[in-house]
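What follows is a set of notes on a single structure, which appears directly below.
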Amino acid sequence: TVLNTITQISDITTSMFNSGILNTLTSLPSAATGNTLVSLKDVAIDKIAQELEKGSMTSEAVDKTFTASGLKKMDSIGKLTLVNSALKKYSQQAKRNSKALDRELAIMFEDDAAKVKQDLISGKITDDVKFLLFNKLLDMQPMAKSEMPELYLRGGNGRIVYMLKTFTIKQLDIYRREVFAKLVDAQKSGDPVLAAEAIGNFVRLAGYWVVMGASADFVKDLIRSAFGDSEMEEPEDYLLENIWKAFGFSKYQADMVSRDGPVQVGI
């Protein structure tokens with residue numbers, strides 16, 4: 001439905017986490033109009049998620065539904081915001097000679113790292129820069145088979161089980177990569193700075209997901225209540241529901257836990 005399209009508001013969470021609030025907000029207007037420095041075609045993206053890749057009747061039917069409801073448009077705005085805000089961040093890092101950027105470019109481009117850094121400083125949108133942005137999009141959204149679980153890759157027709165679930169899987173993977181893996185590394189190395197970074201990542205990720213998700217739910221209920229379809233919830237209820245969602249649980253599961261307790265639900 002069109003109301004479900006509003007849920008895509010929370011998609012800019014990953015952009016806020018990756019590139020900062022300011023870079024995200026300044027990229028959002030151009031993403032909404034399609035007037036961006038880097039388009040989705042530039043980074044070879046033409047679908048919402050990997051499980052909607054063209055080739056099956058199910059994926060094509062879902063794709064048509066998403067297009068008609070406006071969800072596909074909202075999704076493209078989220079992806080364009082992420083990619084172009086990442087470009088701003090990378091350019092800013094390059095101009096201030098960020099060591100973190102140097103390490104990232106060295107891993108990805110090896111001997112060509114200095115050239116890519118200069119491209120970012122000068123504002124050139126080269127194939128290497130597009131590749132860099134494509135990889136950042138993959139870090140945050142399940143857009144390629146390389147981002148999918150092994151069972152999906154080997155699943156054949158069983159891949160239908162993953163339909164519309166890969167974003168939740170990717171959400172949990174971001175926690176794993178940006179929080180728990182860094183905490184483990186910090187413990188092994190005894191690095192308090194890395195530990196603080198991991199904790200900060202957790203606070204920002206969870207906080208952004210809760211606030212953006214609660215905002216989307218509030219807007220949807222506001223529209224429904226205007227037509228007499230539902231009543232508004234208490235503000236704290238929106239936050240509580242989205243605390244559960246921030247860790248991969250659905251509203252249905254959250255309601256079950258609230259009613260029956262985590263043991264009965266199997267958590």
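Here are the numbers for the structure shown:
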{"quantity": "ILE243 - accessible surface, heavy atoms, 1.4 Å probe, Å² rounded to 10", "calculated": "80"}
{"quantity": "Entries of LYS89/LYS220; LYS95/LYS182; LYS73/LYS117; LYS41/LYS88; LYS41/LYS170; LYS99/LYS170 with Cα pairs more than 25 Å apart", "calculated": "LYS89/LYS220; LYS95/LYS182; LYS73/LYS117; LYS99/LYS170"}
{"quantity": "Phi to ³J(HN,Hα) by Karplus 6.51 cos²θ - 1.76 cosθ + 1.60 over the range 84-93, Hz, x for Gly, Pro", "calculated": "6, 5, 5, 4, 4, 5, 4, 5, 5, 5"}
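The values are calculated or read from the model by the stated rules, or taken from the named source; none is laboratory data. Keep in mind it's a predicted model, so treat the numbers as computed, not measured. To get the accessible areas, we keep the full protein, side chains included, count just its heavy atoms, and leave off ligands, DNA and RNA. Shrake-Rupley method; radii C 1.70, N 1.55, O 1.52, S 1.80 Å.
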